[in-house]
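Following: one structure in structure tokens, then a few remarks.
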């Protein structure tokens, strides 16, 4: 894992990971995006209006019943190219050391990304969505309806990020 | 799994799950809540202003650096009491059959819940938060900063839910 593309940078701290997993994940589909190399991916999903395709694997297609009535979805996917042992990171575009849980970096103990997407269309097992920033072929872990009542907090602040932008 | 409390209801459909997992999850802490039985849990997190405690396991504490500057967090946790094979469900409080991916039910192929919480305080490895609805002792999977710019969509609609309330 410690190759050039996904390696460790000065100021980053890795820990030894447990020898065993505590639970198992099924990949329930794949995500098709225009990006095949990490440096091509948008820095975050709002930077791109590319339409991506979520392809749900056959056994789970019935579980899409009702999803067509949602304007937005919360999509969980598995960042399978990321290292999992970093507790402190120095993201290239910020250049400062921060804890993994203060970042949305794909490198985390459980490399599960959560993205809010706009649903454009469903056709069979394929969902056209806008709002993803992951590599083509990324494994799908979950699809959830996005409820504004519980999921939307317009006035939320990430202090370190706000300070950096001032 | 098919006991009374977590069993299958009329109108629900289960599928055979794959024989093997595709990836593994580490439990990185535990969540302390006031609820020890499923029927005690709030139906959703906005129904309760109970302060819950997220206890991050020792090896990962450094990863909290910077989290204190966030007003809100996205918390992922593992609903370890839930069955994973339901593709169609009939939630008790709605009484209609819907696909698992149109519901926030804990029963799903990968029983990972995603909740937006308000951060009240951090003390060492313990985070006091408001906005959880899970059982006491639920395993923690991830903590992420909540960015209003990408995570907040105030006008999002879950059509089936809106129709049911009218």
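Quick note: the coordinates plus some simple rules give every number you see, no bench work behind them. These numbers come from a predicted model, not from an experiment. Every residue, glycine as well, gets a Cβ built from its backbone with ideal geometry; the counts of neighbours run over all protein chains shown.
Miscellaneous remarks
- Length gained when the stretch residue B:44-residue B:96 is fully extended (0.36 nm per residue, less Cα-Cα span): 16.9 nm
- Mean partner shielding of peptide B:134-145, defined as the number of other chain Cβ atoms within 10 Å of each residue Cβ, is 4.
- Scattering profile of chain B at q = 0.09, 0.16, 0.19, 0.20 Å⁻¹ [log10 I(q)/I(0), Debye over alpha-carbon scatterers]: -0.34, -1.06, -1.36, -1.44
- Taking region A:1-105 and dividing mean pair separation by its residue count, relative contact order in percent (alpha carbons under 8 Å, at least six apart): 39
- Distance (nanometres) between label positions extended 7 Å along Cα→Cβ at residue A:37 and residue B:80: 4.3
- Taking the axis that rotates chain A onto chain B, the chain A residue nearest to it by Cβ, with the distance rounded to whole Å, is A:152, 2.
- With R₀ fixed at 45 Å, the C-beta to C-beta distance from residue B:17 to residue A:163 puts the FRET efficiency at about 0.45.
- Sorted shortest first, the separations between the residue A:150 label point and its copies elsewhere in the assembly read 2.3 nm; each point sits 7 Å from Cα along the Cα-to-Cβ line.
- The fewest-to-most ranking of B:22, A:151 by surrounding Cβ atoms within 10 Å reads B:22, A:151.
- Between the alpha-carbon centres of region B:100-148 and region B:17-40 there is a gap of 11 Å.
- The mean count of C-beta atoms from other chains within 10 Å of the C-beta of residues in A:106-114, rounded to a whole number, is 6.
- Cα centroid separation - region B:54-83 against region A:54-79, whole Å: 25
- Annotation for residue B:11, label-to-label distances across the other copies: 5.5 nm (shortest first, one decimal, point 7 Å from Cα along Cα→Cβ).
- Three-way shape call for the protein assembly as shown based on the alpha-carbon gyration tensor, with the a/c threshold at 1.5: rounded
- The overall shape of region B:27-73 is oblate: from the C-alpha gyration tensor, with semi-axes ordered a ≥ b ≥ c, the ratio a/c is 1.5 or greater and a/b is no larger than b/c.
- Inter-copy separations for residue B:39, label at 7 Å along Cα-Cβ, nm, ascending: 6.0
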